[in-house]
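Asks: Next up is a structure, given as structure tokens.
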Amino acid sequence: MSPRTHRLHFPLSRSDALGLRAGDQVVLDGEIVVTAGLPTHQRLLRCLDGEETPPMDLHGASVFHLGSFSREVDGRLELLYLNPTTSTRFNPYMPRLLQGFGWHAVGGKGGLDATCAQALQAVGGVYLSFLGGGCTLLSRAVTAVLEVGWSDMLTHYRLVRLRVQGLGPATVAIDAHGRSLYDEEHANAQQQRERILDWLAQQRQATGPQPAPPPTKLPR
């Protein structure tokens, strides 16, 4: 089946997530939550443990690893740009967060590991891969800052709920059925590596050992 392009409302529902396949493209409209902080994810786990109250309703939210540069103007947060940050940093936290908050869409860049992919499958969620370095295109899609959580943190660590229109397109890199484009590309790279190493070994056997090059003489 050829990849398809979907324009969907966010937060993404479980039924919409289940309708997506790895390789599909998604354009986002609606509300999303963004953060780029490891401390933020640790704090969210404390919320699940009952040690802290979430600063906003995060159940069923669509939460993305999008770093932002922002400034406070007259007591409000003005978002100047969005840019994806590397999601693999959050691998240890995501399975519990996905299942504890029931997230059906997460994303960023770089993907998540196999344990996270299993958690996505369990909750009926997808991982969306955003264009790295595409901050100009992504930032244009932000129409409003709706809510800011944990203002005591650095601006890019805060939880920020945004209204977006036409954000993306993003690629469904891990779908709700357990397929991960990252795992497939990794396996393909490993196969290519083995073939290359075998070819190099055959070349060495065919030509025999080669003499070492003469030492380079440095100018005095």
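Asks: Could you list, in sequence order, all residues of the stretch 35-64 that are of a type in the set (S, T, N, Q), over 18 Å from Leu154 (Cβ atoms) and in contact with a helix residue (DSSP H, G or I) (Cβ under 9 Å, 6 or more places away or on another chain)?
Replies: Result: Thr53, single match.
Asks: Hey, another quick one. Among (1) crowded, with 18+ Cβ neighbours inside 10 Å; (2) modelled with pLDDT under 95, there is one condition Ala114 misses while meeting the rest; what is its number?
Replies: Of the numbered conditions (1) crowded, with 18+ Cβ neighbours inside 10 Å; (2) modelled with pLDDT under 95, the odd one out for Ala114 is (1).
Asks: A further question on this structure: Can you tell me which residue within the stretch 164-203, out of those that are surrounded by fewer than 13 Cβ atoms within 10 Å (Cβ to Cβ) and basic (Lys, Arg), is modelled with the highest pLDDT?
Replies: Result: Arg195.
Asks: Give the residue that is farthest from the chain's Cα centre (by Cα), with candidates limited to residues of the stretch 1-37 that are hydroxyl-bearing (Ser, Thr, Tyr) and surrounded by fewer than 21 Cβ atoms within 10 Å (Cβ to Cβ).
Replies: Out of the qualifying residues, it is Ser2.
Asks: While we're here: Quickly run through the stretch 60-85 and pick out the residues that are assigned to a strand (DSSP E or B), buried (at least 19 other Cβ atoms within 10 Å of the Cβ) and not hydroxyl-bearing (Ser, Thr, Tyr).
Replies: Val63, Phe64, His65, Leu66, Gly67, Leu82, Asn83, Pro84 - these are the residues of the stretch 60-85 that are assigned to a strand (DSSP E or B), buried (at least 19 other Cβ atoms within 10 Å of the Cβ) and not hydroxyl-bearing (Ser, Thr, Tyr).
Asks: Go through the stretch 40-59 and count every residue that is among the charged types (D, E, K, R) and outside any loop (DSSP other than H, G, I, E, B).
Replies: 2
Asks: So Pro95 passes all but one of these: (1) surrounded by fewer than 19 Cβ atoms within 10 Å (Cβ to Cβ); (2) under 19 Å from Leu38 (Cβ atoms); (3) out of contact with any Asp or Glu (no Cβ under 8 Å at 6 or more places or on another chain). Which condition number does it fail?
Replies: Unmet condition: (1).
Asks: Filter the stretch 145-197 down to the residues that are without any contact (Cβ under 8 Å) to a residue 24 or more places away in the chain and either β-branched (Val, Ile, Thr) or at positive phi (or both) and list them by number.
Replies: Ile196
Asks: Considering only residues that are in contact with a Pro (Cβ under 6 Å, 6 or more places away or on another chain) and aromatic (Phe, Trp, Tyr), look in the stretch 121-152 and name the one that is surrounded by the most Cβ atoms within 10 Å (Cβ to Cβ).
Replies: Phe130
Asks: Here's a follow-up. Yes or no: Gly37 over 23 Å from Ser180 (Cβ atoms), touching a residue at least 60 places away in the same chain (Cβ under 8 Å) and of a type in the set (Gly, Ala, Ser)?
Replies: yes
Asks: Only one of these conditions is not met by Arg89: (1) touching a strand residue (DSSP E or B) at 6+ places or on another chain (Cβ under 7 Å); (2) closer than 21 Å to Glu185 by Cβ. Which number is it?
Replies: (1)
The values are calculated or read from the model by the stated rules, or taken from the named source; none is laboratory data. Everything numeric here is computed off the predicted structure, so don't read it as measured data. Virtual Cβ from ideal backbone geometry, glycine too; neighbours counted across all protein chains shown.
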